[in-house]
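Q: This is the structure, below, for whatever I ask next.
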C-alpha cells in the first residue's frame with residue numbers, strides 16, 4: 001500500500017492539501033486515508049479521493065504513470081469541434097459554424113504544455 005499512499009501524498013501536496021484536508025474533502029470517515037497503510041481502501045473511497053485529486057484510481061494504485069482518467073466518453077477538443085454533427089450552444093443559443101471555426105482557431109493557438117503545465 002505504500003505506492004498508494006505515496007501517490008496520494010504527492011498529489012495532495014501539489015494541491016496544497018494535508019491528508020486530513022483531503023480526507024474531509026473526499027467525505028470520508030476521519031483518518032481513513034491513514035488506515036490505508038495497513039488495509040486496502042474500498043473502491044468507492046478510493047474513487048472519492050481520486051475525484052478530489054482529479055486523477056485516476058489506476059494512477060493512485062501505481063498501475064499507470066498517467067494521472068489522467070482515460071474515460072471513453074471524452075473526445076479530444078479538436079475532434080469534437082470538427083464534427084459537423086456536433087451541436088454546440090452557449091447561453092441557450094446555438095453556436096454557428098462560423099463561431100465554431102473561430103473557437104477552433106483560437107484553441108489551435110494555445111501553446112503545448114508538459115504534464116507540469118510548463119510551455120513546451
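Each value in this text was obtained by applying a stated rule to the coordinates, not by laboratory testing. Keep in mind the model is a prediction, meaning the values are calculated, not measured. Here the Cβ positions follow ideal geometry from the backbone for every residue, glycine too, while neighbour counts run over all protein chains shown.
Q: Between residue 51 and residue 24, how many nm apart are label points set 7 Å from Cα along the C-beta direction?
A: Label-label distance for residue 51 and residue 24, simple model: 1.9 nm.
Q: Rank these for me by crowding, 95, 49, going from fewest to most other beta carbons within 10 Å.
A: Values: 95 16, 49 26.
Going from least to most buried by this count: 95, 49.
Q: Among rounded, prolate and oblate, which fits region 2-60 when a ≥ b ≥ c are the square roots of the eigenvalues of its C-alpha gyration tensor, a/c under 1.5 means rounded, and a/b larger than b/c means prolate?
A: Rounded, since a/c falls under 1.5.
Q: Arranged by the count of other C-beta atoms within 10 angstrom, fewest first, what order do 65, 24 take?
A: Ranked by crowding around the Cβ, least crowded first: 65, 24.
Q: Where does each of 18, 12 land when they are ranked from fewest to most other beta-carbon atoms within 10 angstrom?
A: 18, 12
Q: Here is a further query. Evaluate the relative contact order of region 2-60 (contact order divided by residue number), counting alpha-carbon pairs under 8 angstrom at least 6 apart; express in whole percent. Provide the component values of the computation, followed by the final result.
A: Values: 44 pairs, mean separation 22.3, N = 59.
It comes to 38 percent, rounded to a whole number.
Q: How much length is gained on full extension from residue 42 to residue 64, taking 0.36 nm per residue of separation minus their Cα-Cα distance?
A: 6.0 nm
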